[in-house]
1. Considering only the range 40-134, give the helices (runs of 4 or more DSSP H) lying wholly within it that have at least 2 residues that are not assigned by TED's automatic domain parsing to the domain that holds residue 148.
2. Give just the number: which of (1) in contact with a helix residue (DSSP H, G or I) (Cβ under 6 Å, 6 or more places away or on another chain); (2) more than 28 Å from residue 89 (Cα to Cα) does residue 56 not satisfy?
3. Please verify whether residue 155 is in a helix (DSSP H, G or I) and surrounded by fewer than 15 Cβ atoms within 10 Å (Cβ to Cβ), treating the condition exactly as stated.
4. For the range 100-110, state whether one or more residues are without any contact (Cβ under 8 Å) to a residue 40 or more places away in the chain, more than 30 Å from residue 2 (Cα to Cα) and under 29 Å from the mean Cα position of the chain (by Cα).
5. Please indicate, with yes or no, whether at least one residue in the range 72-81 is farther than 20 Å from residue 56 by Cα and surrounded by 12 or more Cβ atoms within 10 Å (Cβ to Cβ).
6. Given (1) outside any loop (DSSP other than H, G, I, E, B); (2) over 20 Å from the mean Cα position of the chain (by Cα); (3) exposed (fewer than 11 other Cβ atoms within 10 Å of the Cβ), where does residue 14 come up short, assuming only one miss?
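The values are calculated or read from the model by the stated rules, or taken from the named source; none is laboratory data. Just so you know, these numbers come straight off a predicted model, no measurement behind them. Every residue, glycine among them, receives a Cβ derived from its backbone with ideal geometry; neighbour counts consider all protein chains shown.
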């Protein structure tokens, strides 16, 4: 599971105005490149300090290397270990519920759809259009068009 954390570096007061030039590279603990140098979405905090939301996968153990770019770059290095910075319980739960299960449907959306199918109000029985509502009876979560034998022709899902 990946983890996104805001990270910052102080390059020194003489290193201002470098957005678009300053970059980060993630290195494995053996010095090999984990993630290639990137300059996107780095913002200047002020006074030669910069920040970026960095996404780490659960295998990341090594270094965050900031550099100013150019012919004589200045470097700042921070050690990083996913296990030391590991996700909180709420981040793990959030990761589980936002995980894509199939197509574009998340685990959270699947739960809503299953709840509607198992315990929601159903309308349209005996017709060609059957609807399964959420528990509050305010939204059609599942809508099916069926033929005379009950075979599904189309199914529309709304897990949002």
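1. Working: elements: 82-85, 89-97, 107-119.
The helices (runs of 4 or more DSSP H) meeting that bar are 82-85, 89-97.
2. The failed condition is (2).
3. no
4. Here is the first cut: in the range 100-110, the ones without any contact (Cβ under 8 Å) to a residue 40 or more places away in the chain are 100-104, 107.
Keeping just the survivors that are more than 30 Å from residue 2 (Cα to Cα) gives none.
No.
5. Taking every residue of the range 72-81 in turn, at least one turns out to be farther than 20 Å from residue 56 by Cα and surrounded by 12 or more Cβ atoms within 10 Å (Cβ to Cβ).
6. For residue 14, the failing item is (1).
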